[in-house]
Amino acid sequence: MLFVGMVGCWLLGALLCAAWLARRIRDSRRVDGVDDKWVLVTGCDSGFGSLAARQLDRLGFRVVAACLTEGGASALRAAATPRLRTVLLDVTDGASIDRAVDFIRGEAGEGGLWGLVNNAGRSIPIGPTEWMRLEDFTKVLDVNLIGLIDVTLRFLPLLKKSRGRVVNVASILGRLSLTGGGYCISKWGVESFSDSLRRDMQHFGVKVSIVEPGFFKTAVTNLDSIQDDLQRLWDRLPSEVRESYGATYLEEYLKAQKFSMSALCSSDISKVSWCMVHALTAMFPRTRYGAGWDAKLFWIPLSYMPSLLTDFILNAMLPSPKGC
Ligand SMILES: NC(=O)c1ccc[n+]([C@@H]2O[C@H](COP(=O)([O-])OP(=O)(O)OC[C@H]3O[C@@H](n4cnc5c(N)ncnc54)[C@H](OP(=O)(O)O)[C@@H]3O)[C@@H](O)[C@H]2O)c1
């Protein structure tokens, strides 16, 4: 009996090693001819987008980095090779997306667009749901979800031409709703849109990947902006709502948030840009990329747990309103 158990363990170990090795080999196979491939990355003024654009540029891709501001665009051009091109793109503005489509159609011609990295995003306002107004949700949804869908739809004809790739930046908050406001809703929407897009586009040879980062130190996780905005939401609440939370609630909420963000946020944002680069260069891109130790070891496993357990853990991370 003991012998059978040992053989079983050995076989299981061998199977796991073989699966790991097969995945490594599959992951390491690369596409050729990157110097003829055009790639558009949105939200390149800072953070993941800026780093990914510079890395793809160094690898030899024809990178078009879409920035929201001219300042962001000129800083990026200064840090890249002369091959990298920039366009000004606000993902909430259809005319601005059309200008980017025309620019790439003119530059890439018959070759089409190889890669679209939908990275642009914003996080605030985030906080307790009751503190929000409808426009607080739409501000975020317009950029993170509707903007991403609009950009994708307008670029699809060029992506089909090259049988290219779409890389959508979601978040672990697209699996677990940690906070109220539009952010988590938008990222759940990105997951769902990407899943249907992947299935619809596989017939045309267009591959779709989703990147699910954990917490990283960038402008979207900047504590000062998040906390200033929470103060703004708190200050405009009717007094009876504020009283239902208790006078010290905001202070305790900010303290808890500061503690968890400083424990969780990684400054190595290359873990995220690696996923984007892999999805564009690998012969077999993954459907989902978890980025960061917190995503892989904590948030993604937690997202599969029963709600009773996730609610208990997530509630323990924030204070309770007075008397609750
Ligand atoms: N940092 C994290 O922990 C984390 C985790 C999971 C997912 N994400 C996602 O990763 C993506 C990149 O964020 P990041 O962390 O690198 O933060 P970031 O540095 O703030 O990058 C977001 C970029 O999007 C741009 N942007 C904002 N509104 C836009 C609009 N309407 N049109 C076009 N561009 C717009 C921003 O421009 P400005 O700088 O000029 O505002 C900025 O360049 C976002 O989708 C974010 O939700 C981040």
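The values are calculated or read from the model by the stated rules, or taken from the named source; none is laboratory data. Computed from a predicted structure; not experimentally measured. Every residue, glycine among them, receives a Cβ derived from its backbone with ideal geometry; neighbour counts consider all protein chains shown.
Here's a check for you: in region 1-53, which residue that is of a type in the set (Ser, Thr, Tyr) and in a loop (DSSP other than H, G, I, E, B) is surrounded by the fewest Cβ atoms within 10 Å (Cβ to Cβ)? Even if it seems obvious, please write down each step before you answer.
Restricting attention to region 1-53, the residues satisfying the condition of being of a type in the set (Ser, Thr, Tyr) are 28, 42, 46, 50.
After this cut, where a residue has to be in a loop (DSSP other than H, G, I, E, B) as well, the list is 42, 46.
Values: 42: 28, 46: 17.
Result: 46.
Let me spell it out: the conditions are (1) basic (Lys, Arg); (2) modelled with pLDDT under 95; (3) surrounded by fewer than 12 Cβ atoms within 10 Å (Cβ to Cβ), and residue 258 meets all of them except one. Which number is the exception?
All conditions are met except number (3).
Say whether the condition of being within 24 Å of residue 126 (Cα to Cα), within 15 Å of the ligand (Cβ to nearest atom) and within 18 Å of the chain's Cα centre (by Cα) is met by at least one residue in region 269-282.
Residues of region 269-282 that are within 24 Å of residue 126 (Cα to Cα), as a first pass: 269, 272.
From what's left, within 15 Å of the ligand (Cβ to nearest atom): 269, 272.
Retained after the next criterion (residues that are within 18 Å of the chain's Cα centre (by Cα)): 269, 272.
Yes, region 269-282 has at least one match.
Of all residues in region 1-56, which are modelled with pLDDT of 95 or more and more than 18 Å from residue 164 (Cα to Cα)?
Within region 1-56, 43, 44, 45, 46, 47, 48, 49, 50, 51, 54, 55 meet the criteria.
Tell me which of these residue 106 doesn't satisfy, since it passes every other one: (1) more than 25 Å from residue 210 (Cα to Cα); (2) within 16 Å of the ligand (Cβ to nearest atom); (3) not hydrophobic (A, V, I, L, M, F, W, C).
(2)
Among the residues of region 125-156 satisfying the criterion of being part of a helix (DSSP H, G or I) and among the basic types (Lys, Arg), which is nearest to the chain's Cα centre (by Cα)?
The initial filter retains those residues of region 125-156 that are part of a helix (DSSP H, G or I), namely 129-131, 134-156.
Still in the list and also among the basic types (Lys, Arg): 139, 154.
Details: 139: 17, 154: 20 Å.
The residue in question is 139.
Could you check region 202-220 and list, in sequence order, the residues that are crowded, with 20+ Cβ neighbours inside 10 Å and either away from the ligand (no atom under 13 Å from the Cβ) or of a type in the set (D, E, K, R) (or both)?
206, 207, 208, 209, 212 - these are the residues of region 202-220 that are crowded, with 20+ Cβ neighbours inside 10 Å and either away from the ligand (no atom under 13 Å from the Cβ) or of a type in the set (D, E, K, R) (or both).
For region 77-89, enumerate the residues that are assigned to a loop (DSSP other than H, G, I, E, B) and surrounded by fewer than 18 Cβ atoms within 10 Å (Cβ to Cβ).
Step one: of region 77-89, the residues assigned to a loop (DSSP other than H, G, I, E, B) are 80-84, 89.
Answer for region 77-89, where residues must be assigned to a loop (DSSP other than H, G, I, E, B) and surrounded by fewer than 18 Cβ atoms within 10 Å (Cβ to Cβ): 81, 82, 83.
Taking the options 260, 266, name whichever one is within 16 Å of the ligand (Cβ to nearest atom) and closer than 30 Å to residue 22 by Cα.
On the way: 260 fails: closer than 30 Å to residue 22 by Cα.
Matching residue, one of 260, 266: 266.
Could you tell me whether residue 165 is surrounded by fewer than 21 Cβ atoms within 10 Å (Cβ to Cβ), away from the ligand (no atom under 11 Å from the Cβ) and charged (D, E, K, R)? Before you say what the answer is, go through the steps one by one.
Values: surrounded by fewer than 21 Cβ atoms within 10 Å (Cβ to Cβ): no; away from the ligand (no atom under 11 Å from the Cβ): yes; charged (D, E, K, R): yes.
Judged against the criteria, residue 165 is not a match.
Being over 19 Å from residue 42 (Cα atoms), over 12 Å from the mean Cα position of the chain (by Cα) and either within 13 Å of the ligand (Cβ to nearest atom) or buried (at least 18 other Cβ atoms within 10 Å of the Cβ) (or both) is the filter here, so list the residues in region 176-197 that pass it.
176, 178, 179, 180, 181, 182, 185
Which one is nearest to residue 38 (Cα to Cα) among residues in region 131-152 that are more than 16 Å from the ligand (Cβ to nearest atom) and aliphatic (A, V, I, L, M)?
Looking only at region 131-152, we keep the residues that are more than 16 Å from the ligand (Cβ to nearest atom), and these are 131-134.
Filter once more, keeping what is aliphatic (A, V, I, L, M): 132, 134.
Numbers: 132: 40, 134: 38 Å.
In this case the residue turns out to be 134.
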